[in-house]
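Below is one structure, written out as structure tokens; comments come after it.
The values are calculated or read from the model by the stated rules, or taken from the named source; none is laboratory data. Since we're looking at a predicted model, the values are computed, not measured. Every residue, glycine as well, gets a Cβ built from its backbone with ideal geometry; the counts of neighbours run over all protein chains shown.
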Amino acid sequence: MKLDLNQQNLQAQMNRLGELAKSGGNQSANLTQKVNHAGSEFGQTLTNAIDTVNQYQMQASQAARQIESGDGGTSLVKAVIASQKASVAFQATMQVRNKVVSAYQDIMNMPI
């Protein structure tokens, strides 16, 4: 009985190895698709972050124009907060860009 279970396990493992060998090309294609998908997600995330920074800067600019023109639509405190929010978001984006550029340069300088 114990021998039969071992043989069945061995047969199941052999079948699995055969399936893996047959699908080797498919796995390579799947890995390439996953890498491409991850790259597009990363690009989309960066695009969203830059759009958010742009929105913060536009809001700060609009608040500053309203203060300069004497329009009662916004207070000085709100304009300063919008300006600081835009500044912090821009600085954070620049730090991320610097890290990405540094990582790219490190990868390019690796010996083959």
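Things to note:
- Count of segment 76-86 residues, restricted to those that are surrounded by 10 or more Cβ atoms within 10 Å (Cβ to Cβ) and out of contact with any helix residue (DSSP H, G or I) (no Cβ under 8 Å at 6 or more places or on another chain), is 3.
- Leading residue by the ranking (farthest from GLN57 (Cα to Cα)) among those in segment 87-112 that are exposed (fewer than 12 other Cβ atoms within 10 Å of the Cβ) and polar (S, T, N, Q): ASN109
- Close contacts from segment 57-81, counting a first residue that is within 21 Å of GLN91 (Cβ to Cβ) and a second that is outside any helix (DSSP H, G or I), with Cβ to Cβ under 6 Å and a gap of 6+ residues or different chains, come to ALA63/THR74.
- Residues being of a type in the set (Val, Ile, Thr) and modelled with pLDDT under 90 - total across segment 68-95: 1
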